[in-house]
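Remarks on the structure that follows.
We did not get these values from a lab; they are worked out from the coordinates using the rules stated. Note that the structure is predicted; figures quoted are calculated from it, not measured. Here the Cβ positions follow ideal geometry from the backbone for every residue, glycine too, while neighbour counts run over all protein chains shown.
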Amino acid sequence: MLNVVLFGPPGAGKGTQSEKIIEKFELTHLSTGDLFRKHLGEGTDLGKLAKKYMDEGHLVPDQVVISMVEDKINNTSGSKGFIFDGFPRTTAQAEALDKMLKNHGMAISGMIALDVPHDVLKERIKERGKTSNRADDQNEEKINTRIKVYLDETLPVAKYYEEQGKFKKINGVGEIEEIFNQISVVIDSY
Ligand code: AMP
């Protein structure tokens, strides 16, 4: 089983690279942002609850996210493993993920972090906002909030995996294919 955490700030290219990774390594994509957007689109209670946090660029409470991920893991069978995209975003989520995987006889193989300077992130998110229809991609203040939340609440997750010798940083600026090649080398080493 290969279980990879793809890590990085908003706009780092996690979604783009995830698509390529799932195709090559036949992994199941688990993007909490995508799952929340699906609930939002379907108007479920979970979607309504998540919306107020998402629209402001804040994190949805841990227990809500953890239950949603647990549900997805429990309802996936016959997979070669997962690529976690946008999750875990807090140390509490990382600890909960370890427990969930352990219950299924699995563990995280490693975390791959995409490193992108903040000015490049802001430009990418604004560009994506022109077509993404995402409320949280649309204005400078919300984008700044998301980057701040990343620095304050999510960055400690990198340390969590680093302490376990499971952390690898990759330059996230450049050609999509070149970045993907570097990611592939890391995954092949697991
Ligand atoms: P993303 O598509 O990963 O940028 O996620 C969009 C928004 O969904 C975030 O800004 C949060 O409001 C929410 N979200 C996604 N994943 C998580 C998570 N792991 N923990 C808390 N909130 C999340």
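Overview of values
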| quantity | calculated |
| --- | --- |
| Residue count, region 132-170 (criterion: more than 21 Å from Thr90 (Cβ to Cβ), of a type in the set (D, E, K, R) and assigned to a helix (DSSP H, G or I)) | 3 |
| Filter pass, Gly57 being within 23 Å of Val186 (Cβ to Cβ) and surrounded by 17 or more Cβ atoms within 10 Å (Cβ to Cβ) | no |
| Filtered residues of region 12-32 (kept if part of a helix (DSSP H, G or I) and either within 11 Å of the ligand (Cβ to nearest atom) or not hydrophobic (A, V, I, L, M, F, W, C) (or both)) | Lys14, Gly15, Thr16, Gln17, Ser18, Glu19, Lys20, Glu23, Lys24, Thr32 |
| Sole residue being within 25 Å of Arg146 (Cβ to Cβ), part of a helix (DSSP H, G or I) and either of a type in the set (Val, Ile, Thr) or touching a Pro at 6+ places or on another chain (Cβ under 7 Å) (or both), chosen from Leu35, Leu46, Leu40, Leu97 | Leu97 |
| Cross-chain or 6+ apart pairs with Cβ under 7 Å, region 144-160 first and more than 9 Å from the ligand (Cβ to nearest atom), then among the polar types (S, T, N, Q) and part of a helix (DSSP H, G or I) | Pro156/Thr91; Val157/Thr91; Tyr160/Thr91 |
| Some residue of region 67-78 being touching a residue at least 12 places away in the same chain (Cβ under 8 Å) and polar (S, T, N, Q) | yes |
| Candidates Leu6, Leu35 - the one that is under 20 Å from Ser189 (Cα atoms), of a type outside the set (Val, Ile, Thr) and either within 13 Å of the ligand (Cβ to nearest atom) or without any contact (Cβ under 8 Å) to a residue 24 or more places away in the chain (or both) | Leu6 |
| Positions within region 58-94 being more than 13 Å from the ligand (Cβ to nearest atom) and part of a loop (DSSP other than H, G, I, E, B), in sequence order | Asn75, Thr76, Ser77, Gly78, Ser79, Lys80 |
